[in-house]
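Taking it in order: structure first as structure tokens, then the write-up.
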Amino acid sequence: MSDPKHHVEKPYLITRRLKPENQETPIQFIENDFISNNLFYRRNHFTYPKLTFSNYFLSINGLVTTPLLLSMHNILQLPSKTVEVVLECSGNKRSLFEPRVFGEQWGKGAMSQGVWKGVPLRTLLEISGIKEAAKEVVVEGYDFGVRTDLDKVFSYTRSLPLKNALHPDTIIAYEYNKQPLSFIHGFPFRLIVPQWYGMASVKWIKQISVIGSHFTGPYQNIDYMYYPNEENDDGAHPVTTINVNSTIQKPLDMARLNTGKHVIKGIAWTGKGCITKVEISKDNGSTWSEAQVYDSKSSYKWVSWSYEWDSVEKGIFTILSKATDSTGQTQPIKPYWNRNGYGYNAIDQIKVKVE
């Protein structure tokens, strides 16, 4: 019989905002590669939409030969696909930018991953028949609200280039970790776009439209753009694939440690190719050693890594982690600064005190 007085320690989501709800995964306490639904980060632009699921239909329209109106039952009967994918908010680690930038001040946990099951978007587009003039596929969510900069109501709507929409692993998901997709994370259907930042994976899908031009909605052409200059929009370009990155999960930043052996562990991920190497420095970058990387052939997931450190000397140590992927991308010393604070991927670092 269990002791009712026994307390089980467990992590909780870290709240950044309540209206709309934005909470991050306590990534430093995550031991598994697949995040449970209750610890999956939450990124919302508006309050949760109000949907009536009893009469839900998904419209596929625009430059197609056969416009479709599909019920949930119709979609669930189509051939499915399962993909293991990390979703990272493009604003992950925004609070680390110097100079500071405005926006949700995410730490290192605006990311999660798990197993998604759904119907390839390609299947739906093939059934409807794409016309030759098609250029992009627009996905609109049921969530909507007023933007502070335009003082007008917009739904959350994004587009994908046709080649990305037709990628066999771009899916309309309805399950997460072998359970029905939760409402909080996009039920009944959400888009999953592997290797792209999370803004592409539209939740609560309302309709899919095929168009013959570039979509110019505010969540495509204003938000989720890199603006490298503070004063003007020169050099602006869209946020797309995830940058190579890593995070140290253990030890905790500013921890006190005894002398002796300690395991430095963390995760690494990328939007191109796969992680091939993670290097660790215990002396603020003066020297580097390779960590052991697990499951390094994964393309869509983060990989775990670890390094055993024998800390024989006392003092304050700056520990760094640097990941490299199969395309040759390596984390930079400094991030690509941009005024919206997207795509932070500088070498990760923590400080510890050995006593």
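Only residues that are closer than 26 Å to I130 by Cβ, among the aromatic types (F, W, Y) and assigned to a strand (DSSP E or B) were counted in the range 155-200, giving 3. Can you tell me which of (1) open to solvent by 40 Å² or more (accessible area, probe 1.4 Å); (2) within 27 Å of W106 (Cβ to Cβ); (3) at pLDDT 95 or above; (4) among the polar types (S, T, N, Q) is the one N338 doesn't meet? Here N338 clears every test but (1). From the list I333, I347, the one residue that fits, being within 19 Å of W288 (Cα to Cα), out of contact with any helix residue (DSSP H, G or I) (no Cβ under 9 Å at 6 or more places or on another chain), crowded, with 18+ Cβ neighbours inside 10 Å and touching a residue at least 24 places away in the same chain (Cβ under 8 Å), is I347.
Kindly provide the set of residues from the range 168-200 that are among the hydroxyl-bearing types (S, T, Y), more than 19 Å from E24 (Cα to Cα) and surrounded by fewer than 23 Cβ atoms within 10 Å (Cβ to Cβ), ordered by number. Give the derivation first.
First, pick out the residues of the range 168-200 that are among the hydroxyl-bearing types (S, T, Y): 170, 174, 176, 182, 197.
Filter once more, so that each one left must be more than 19 Å from E24 (Cα to Cα): 170, 174.
Within the range 168-200, just Y174 meets the criteria.
As for the range 129-138, it holds no residue that is open to solvent by 10 Å² or more (accessible area, probe 1.4 Å), closer than 18 Å to R16 by Cβ and without any contact (Cβ under 8 Å) to a residue 24 or more places away in the chain.
Considering the conditions (1) closer than 26 Å to T324 by Cβ; (2) among the aliphatic types (A, V, I, L, M); (3) touching an Asp or Glu at 6+ places or on another chain (Cβ under 8 Å), L257 is excluded by exactly one of them, (1).
One residue stands out among those in the range 221-277 that are buried (at least 16 other Cβ atoms within 10 Å of the Cβ) and of a type in the set (D, E, K, R): the one that is nearest to the chain's Cα centre (by Cα), which is D223. Among residues of the range 23-47 being outside any helix (DSSP H, G or I) and touching a His at 6+ places or on another chain (Cβ under 9 Å), the one that is surrounded by the fewest Cβ atoms within 10 Å (Cβ to Cβ) is R42. If you filter the range 64-93 down to residues that are over 25 Å from K131 (Cβ atoms) and either assigned to a loop (DSSP other than H, G, I, E, B) or among the hydroxyl-bearing types (S, T, Y) (or both), you find that the one that is farthest from the chain's Cα centre (by Cα) is Q77. So, E104, is that one of a type in the set (D, E) and outside any strand (DSSP E or B) or not? So E104 passes the test.
State yes or no: is W309 farther than 30 Å from V115 by Cβ, in contact with a His (Cβ under 6 Å, 6 or more places away or on another chain) and modelled with pLDDT of 95 or more? It is true that W309 is farther than 30 Å from V115 by Cβ, in contact with a His (Cβ under 6 Å, 6 or more places away or on another chain) and modelled with pLDDT of 95 or more.
Residues in the range 209-220 that are open to solvent by 60 Å² or more (accessible area, probe 1.4 Å) and touching a residue at least 60 places away in the same chain (Cβ under 8 Å) were compared, and the one that is nearest to V153 (Cα to Cα) is H214. For the range 48-71, taking the residues that are out of contact with any strand residue (DSSP E or B) (no Cβ under 6 Å at 6 or more places or on another chain) and modelled with pLDDT of 95 or more, the one that is most open to solvent (accessible area, probe 1.4 Å) is identified as T65. A Cβ distance below 6 Å, combined with a sequence gap of six or more or placement on separate chains, defines the contacts here; from the range 91-119, residues that are open to solvent by less than 10 Å² (accessible area, probe 1.4 Å) reach residues that are acidic (D, E) and in a loop (DSSP other than H, G, I, E, B) in the pairs G91/E104.
The values are calculated or read from the model by the stated rules, or taken from the named source; none is laboratory data. Note that this is a predicted model, so its numbers are computed, not measured. For neighbour counting, all protein chains shown are included, and Cβ atoms are generated from backbone atoms with ideal geometry for every residue, glycine included. Just the protein is used for accessible areas: all its heavy atoms, side chains included, with ligands, DNA and RNA removed. Shrake-Rupley method; radii C 1.70, N 1.55, O 1.52, S 1.80 Å.
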